[in-house]
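In what follows, a single structure is set out as structure tokens and then discussed.
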Amino acid sequence: FRLHTQAHARAGMSCTHVPHPRYGLCPRLRSPGSDEIDNPVERMVERSGLGGRTFARWFRSATGYKPIDYVQALRIEEAKQELERNQRPIREIALAVGYEDGSSFSRVFKKRVGLTPAAYRKKFQSLAALASTFALEPASP
């Protein structure tokens, strides 16, 4: 978590939530003092003071990801959590995680996950409901 927040601080960005416990990634990057989700790659390039190509090479060598792939991975992970947790319309989830267009969100989601957002929701909400019925109670001392 410390490295996660330090990376955002260096880029002049702030997290809007606690990172996902499994992935340690922050899906929404906001400019300080702004409620608007901006283009995080452009913002990181601007804050780094490097040229776009130089920043992309540096970022990839440091993380193993192209900057846009990293941003997409963050957004898709957040969308997966939202799809598992609630019945918000997919269009709303797409907007919440930074996609302006629901169809491009669905296309990226299917490419990365192998399922459409609707199919993912159907599959994993039913698994979550099943798992909650078998949740173990803590043992009494």
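Note down the net charge around S104, summing +1 for each Lys or Arg and -1 for each Asp or Glu among other residues with Cβ under 12 Å from its Cβ. List each step's numbers first, then the result.
Numbers: positive: R75, R91, R107, K110, K111; negative: E100, D101.
Here the count lands on +3.
On a 1.4 Å probe surface of the protein chains, which of E92, E46, E77, E100 comes out largest in accessible area, and what is the full order?
Details: E92 90, E46 125, E77 35, E100 160 Å².
Of E92, E46, E77, E100, the descending order of accessible area is E100, E46, E92, E77.
How far apart, in nanometres, would the label points at F124 and Y65 be if each is projected 7 angstrom from Cα along the Cα-to-Cβ direction?
Going by the 7 Å Cα→Cβ label model, 1.5 nm.
What is the extension gain from S103 to R43, computed as 0.36 nm multiplied by their sequence separation minus the C-alpha to C-alpha distance, in nm to one decimal? List each step's numbers first, then the result.
Details: separation 60, 0.36 × 60 = 21.60 nm, distance 2.44 nm.
Between S103 and R43, full extension yields an extra 19.2 nm.
The values are calculated or read from the model by the stated rules, or taken from the named source; none is laboratory data. Given the structure is predicted, the values throughout are model-derived calculations rather than measurements. Cβ coordinates were reconstructed from backbone atoms using ideal geometry, including for glycine residues, and neighbour counts include every protein chain displayed. Quick note on the areas: whole protein, heavy atoms, side chains included, nothing else; ligands and nucleic acids left out. Shrake-Rupley method; radii C 1.70, N 1.55, O 1.52, S 1.80 Å.
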